[in-house]
Amino acid sequence: MSLALTHAKYHFLETVRVPIAVIGTMFFPAASMLFFVVPFAGSHSAAATYATGAMTVFATMSACLFQYGISVAEDRAQPWEPFTRTLPVGAAPRFIGRVINVGVMTLLALLPVLLIAALLTEATVSVPGLLLGAVALLVTAVPFSLLGLTVGYALPSRAALAVTQLLFFPMAFGGGLFFGGPDRMPSFLEHVAPFLPTRGAVELVWTATTDFSPEPTSLIALGVWTAATAGTAVWAFRRDQGRRFR
């Protein structure tokens, strides 16, 4: 574990040496709160609570997709990453270190969202609801992390950046994250949203933090996405391993 923490330290140092990476991780969720939530739902307790839940999913998805998708692809282009796979301890400590680093970046993305919600909106949540919401976010981070790993291991860095952006914004929009509450989504998205992982993720968070009752289709779809992305992440890793270490 000490070796994994050492890798986590250096992953974090690599990240903060490019300040725009940290600023971008924190800025976009915070900006979405300021532009979409505070002016339109901030004065209504229930609406602000739903919208804040949606923005926490947005922040989690952003951190997981971009940190895994882009950083893994960039590391694969460096000689250090293949070298770590040849060491007696294998790649596990470096991978665990990466997971820890992404967890820290996710917390940094969530922090301004929660502060804005607490200071500038009427959003409310009980202590048990807050704890359940944190567990729900951990669950929802899994498919987005696996999707990011799939992109990172399957594509070169330039392609990974483009594909991650193409995945991120349509899923955020299609899942209704920018529309706040469950009843504010445009009718043309109602038939698409339940099949996207973002919808299942946000409904899981709403269920944990409010009295919302989720749609079974959304939760089933989230489970299917989790299983599917686990399969594609394993395939992409083995494909990359086979190409480099035959």
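Quick look at the numbers
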| quantity | calculated |
| --- | --- |
| Condition broken by SER2, with the remaining ones in (1) under 21 Å from THR164 (Cβ atoms); (2) among the small types (Gly, Ala, Ser); (3) free of Cβ contacts under 8 Å to residues at least 24 places away in the same chain satisfied | (1) |
| Of all residues in region 37-47 being out of contact with any Leu (no Cβ under 9 Å at 6 or more places or on another chain) and crowded, with 18+ Cβ neighbours inside 10 Å, the one that is modelled with the lowest pLDDT | ALA41 |
| Scan of region 173-221 for residues that are open to solvent by 40 Å² or more (accessible area, probe 1.4 Å) and at pLDDT below 90, ordered by number | PHE178, PHE179, ASP183, ARG184, SER187, PHE188, GLU190, HIS191 |
| Top-ranked residue in region 83-107 [being of a type outside the set (A, V, I, L, M, F, W, C) and at pLDDT 75 or above; ranked as surrounded by the fewest Cβ atoms within 10 Å (Cβ to Cβ)] | GLY103 |
| Matching residues in region 109-167 - criterion: being open to solvent by less than 50 Å² (accessible area, probe 1.4 Å), closer than 17 Å to PRO197 by Cα and either without any contact (Cβ under 8 Å) to a residue 40 or more places away in the chain or aromatic (Phe, Trp, Tyr) (or both) | PHE144 |
| Qualifying residue in region 73-89 (condition: within 20 Å of the chain's Cα centre (by Cα) and either closer than 30 Å to GLY176 by Cα or basic (Lys, Arg) (or both)) | yes |
| Condition check for GLU74: among the charged types (D, E, K, R) and modelled with pLDDT of 85 or more | yes |
| Cross-chain or 6+ apart pairs with Cβ under 6 Å, region 181-210 first and within 22 Å of LEU130 (Cα to Cα), then open to solvent by 30 Å² or more (accessible area, probe 1.4 Å) and β-branched (Val, Ile, Thr) | THR209/VAL125 |
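The values are calculated or read from the model by the stated rules, or taken from the named source; none is laboratory data. Predicted model only: the values in this text are computed from it and were never measured. Using ideal geometry, Cβ is built from the backbone for each residue, glycine included, and neighbour counts are taken over all protein chains shown. The accessibility values were calculated without ligands, DNA or RNA, using every heavy atom of the protein model including side chains. Shrake-Rupley method; radii C 1.70, N 1.55, O 1.52, S 1.80 Å.
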